[in-house]
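Asker: Below you will find the structure I want to go over with you.
The values are calculated or read from the model by the stated rules, or taken from the named source; none is laboratory data. Here the structure is a predicted model, which is why all the values come from computation and not from measurement. Cβ placement follows ideal geometry from the backbone for every residue including glycine, while neighbour counts extend to all protein chains displayed. These accessible areas exclude ligands, DNA and RNA; they are computed on the full protein's heavy atoms, side chains included. Shrake-Rupley method; radii C 1.70, N 1.55, O 1.52, S 1.80 Å.
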Amino acid sequence: MNIKNYINGKFENPIHGDYIDNYDPSVGEVYGQIPNSTNEDVEKAYEFASKAFPKWSNTTLEKRSRILIKISDLLEENLVRFAKAESIDNGKPLNLAKQIDIPRAASNFRFFGNAISQFSSESHESVGLNAVNFTLRQPIGVVGCISPWNLPLYLFTWKIAPAIAAGNCVVAKPSEVTPMTAFLLGEICNEAGLPKGVLNIVHGLGTTTGQAIIEHPNIKAISFTGGTKTGAHIARVAAPMFKKLSLELGGKNPNIIFADCVYEKMLATTVRSSFANQGQICLCGSRIFVEEKIYEKFKKDFIKKVSELKVGHPEKSDTDIGALVSAAHLEKVKSYIDIAESEGGKILFGGNKVEVSGSENGYYLQPTIIEVSDNQCKLNQEEIFGPVVTIMSFKTDEEGLSLANEVKYGLSATLWTNNLNRTMQFSKLLQTGIVWVNTWMLRDLRTPFGGVKESGVGREGGFEALRFFTEPKNICIKY
Ligand code: NDP
């Protein structure tokens, strides 16, 4: 299927008529084409967005809210169609797309459709000076939203929904590897009555289309989710133009397991936090640290549970692990497994590509567990972003904490314990933006979401996202 750009409410071919192949990772074959847009397409999108801005930014909150909630309803009505499209484009199990990706995309619109009606500004009375200050929170104008391939519609809408709720107009680019559901979203926005030009979706390569968005002098804010290297590049390009930036970047998250946890719950959740979405979630707990007392038992039980996971075609209902997103990504992930032994690691389970019957050219890999003894090895320091986890034991709280923190990333951490003092100590001292205790990826959309260190700058979620997409202006009135 060939897809088109969505500009000013219309579906358009790229100005130069160039296209890029789009692959179905489950079979390793081209199944469509996407626009290879240039800076001229981005400029066109920008022009329409800036024309739409004066009216949209003056549209009542009630009307904006109604449109966002209508988009959410329509996504829910089209759940199966969107889930199928996401699964084909990305390789993720269809069930996962039905249960997580598309419902969450719908929730993003519903949440920010409601949140905008509760978003208020502050006022400060300057007592004794006969003056009162209030803060206007004004939309920025035209903003850029750039998202990755792992949770395509989920992360795309996590940016777009607050941006338009706050009154901005958007030029957005999904990953060129997974553009399909972003393309389908255009139709739904038209049906929901989103005015033309408020959202514009331009498809293409990061280095050309994405680059044109971040370089555009009048796109004043960029919300980006993707790799740390790309984030650093965006920061360098944007800084001299003083753009507002929100960067959600890579992770290498610790999963710290103490002997006093609720064992069965921890075990089941750890299988999920290791391998959900083929391990391609920035929040996956890819470094597992286990208290020495239960290390051997955990190792045995974890291997057993992981060996029961079924690698298969994403459409099959019994598939736990689908295909990786691309041939290049499969090779990257495999290259880490290949160096494991030279780094002193021991492959306890998996490590090999899988040939799925009838889909022999698909990008499948076994879930892989590697035992390591040195936290400084590449396997423990670099983001692999696939179905590969390392495990390692520790003796004391101090050791567990320093292993968790000895990494350049700081997105999330998971802690398994029933000890309250330990919970509080770790919660305060873990160098991450998110700490889950006795759970994983339990998300409340009101909470601040983001990382520290090389996992990013800024926070998304709840009012944080609405603050990002607005400019505060102080008005001081003397009376
Ligand atoms: P990339 O950084 O390669 O790409 C992310 C997006 O940026 C894509 O749309 C990409 O386009 C685009 N892009 C690439 N180069 C540029 C450029 N020069 N200017 C503007 N845009 C550009 O990341 P991946 O898509 O490979 O995604 C995986 C990464 O995302 C992992 O590191 C993961 O940890 C991180 N991530 C972080 C999350 C968080 O919340 N912190 C959540 C999910 C993922 P194209 O694809 O066309 O190249």
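Asker: Once both axes come from the Cα atoms, what is the angle between helix 292-307 and the longest principal axis of the chain, in degrees from 0 to 90, rounded to 10?
Answerer: For 292-307 against the chain, the angle is about 70 degrees.
Asker: If you don't mind, another one. For region 294-405, give me the percentage of DSSP beta bridges that are antiparallel, rounded to the nearest 5 percent.
Answerer: Beta bridges within region 294-405, antiparallel portion: roughly 50 percent.
Asker: So which GluC sites (Glu not before Pro) in region 56-126 are both in a DSSP loop and have at most 12 other Cβ atoms within 10 Å of their Cβ? Please report the intermediate quantities before stating the final value.
Answerer: Working: sites: GLU62, GLU76, GLU77, GLU86, GLU122, GLU125; in loops: GLU122.
Qualifying residues, ordered by number: GLU122.
Asker: To check you understand DSSP bridge types, tell me what percent of the beta bridges within the chain (both residues inside) are antiparallel, rounded to 5.
Answerer: Beta bridges within the chain, antiparallel portion: roughly 45 percent.
Asker: With each label point set 7 Å from Cα along the Cα-Cβ vector, what nm distance links ASP73 and ALA259?
Answerer: With each label point 7 Å from Cα toward Cβ, the separation is 5.7 nm.
Asker: I would also like to ask the following. Can you pull the percent of the chain's accessible area that's carbon plus sulfur, 1.4 Å probe, other chains left in place?
Answerer: 53
Asker: Here's another thing I want to ask about it. Rolling a 1.4 Å sphere over the protein heavy atoms, what is the accessible area per residue of the chain, to the nearest Å²?
Answerer: With the other protein chains kept in place, the chain gives 40 Å² per residue.
Asker: Let me ask you something else. If all Cα-Cα distances of the chain are sorted into 10 Å bins from 0 onward, what percent lands in each bin, rounded to whole numbers?
Answerer: 4, 20, 29, 25, 15, 6, 1, 0
Asker: Another question about this same structure. List the residues whose amide H sits under 5 Å from the amide H of TYR31, counting only those 5 or more places along or on another chain, with H placed 1.01 Å from N in the peptide plane.
Answerer: Distant-sequence amide H within range of TYR31: ASN22, TYR23, ASP24.
Asker: Quick one: what are the phi-derived ³J(HN,Hα) couplings along region 427-441, Karplus 6.51/-1.76/1.60 with θ = phi - 60°, whole Hz, x for glycine and proline?
Answerer: These are the phi-based 3J(HN,Hα) values: 4, 6, 9, 5, 8, 9, x, 9, 10, 9, 10, 6, 6, 8, 6 Hz.
Asker: Once amide H atoms are built 1.01 Å from N in the peptide plane, which residues 5 or more positions from VAL354, or in another chain, come under 5 Å H to H?
Answerer: Long-range HN contacts for VAL354: TYR364, LEU365, GLN366.
Asker: Also: For region 398-414, what does the Karplus curve 6.51 cos²θ - 1.76 cosθ + 1.60, with θ = phi - 60°, yield as ³J(HN,Hα) per residue in whole Hz, taken in order and with x for Gly and Pro?
Answerer: Computed from phi, the couplings for region 398-414 are 4, 5, x, 5, 6, 4, 4, 7, 7, 6, 7, 8, x, 8, 9, 9, 10 Hz.
Asker: Further question on the same structure: Kindly report, to the nearest 10 Å², the accessible surface of LYS304 as traced by a 1.4 Å probe over protein heavy atoms only.
Answerer: 120
Asker: Kindly rank 39-46, 176-183 from highest to lowest mean number of other beta carbons found within 10 Å of each residue.
Answerer: Ranking, from highest mean packing down: 176-183, 39-46.
Asker: Whenever you get a sec, line up LYS4, LYS173 from highest to lowest accessible area (probe 1.4 Å, protein heavy atoms).
Answerer: LYS4, LYS173
Asker: Counting DSSP beta bridges with both partners in region 95-179, what percentage is antiparallel, nearest 5?
Answerer: 45
Asker: Would you kindly derive the ³J(HN,Hα) couplings of region 322-331 from the backbone phi angles with the Karplus curve 6.51 cos²θ - 1.76 cosθ + 1.60 (θ = phi - 60°), listing them in order in whole Hz, with x for Gly and Pro?
Answerer: x, 8, 6, 5, 7, 4, 5, 5, 4, 5
Asker: If you bin every alpha carbon distance in region 150-305 into 10 Å steps from zero, what whole percent lands in each bin?
Answerer: Histogramming region 150-305 at 10 Å steps yields 9, 31, 25, 18, 14, 4, 0 percent.
Asker: Just list whichever of LYS51/LYS244; LYS70/LYS196; LYS92/LYS378; LYS98/LYS332 have alpha carbons separated by over 18 Å in the model shown. Before the final figure, lay out each step's value.
Answerer: Working: LYS51/LYS244 21 Å; LYS70/LYS196 16 Å; LYS92/LYS378 27 Å; LYS98/LYS332 28 Å.
Pairs exceeding 18 Å: LYS51/LYS244; LYS92/LYS378; LYS98/LYS332.
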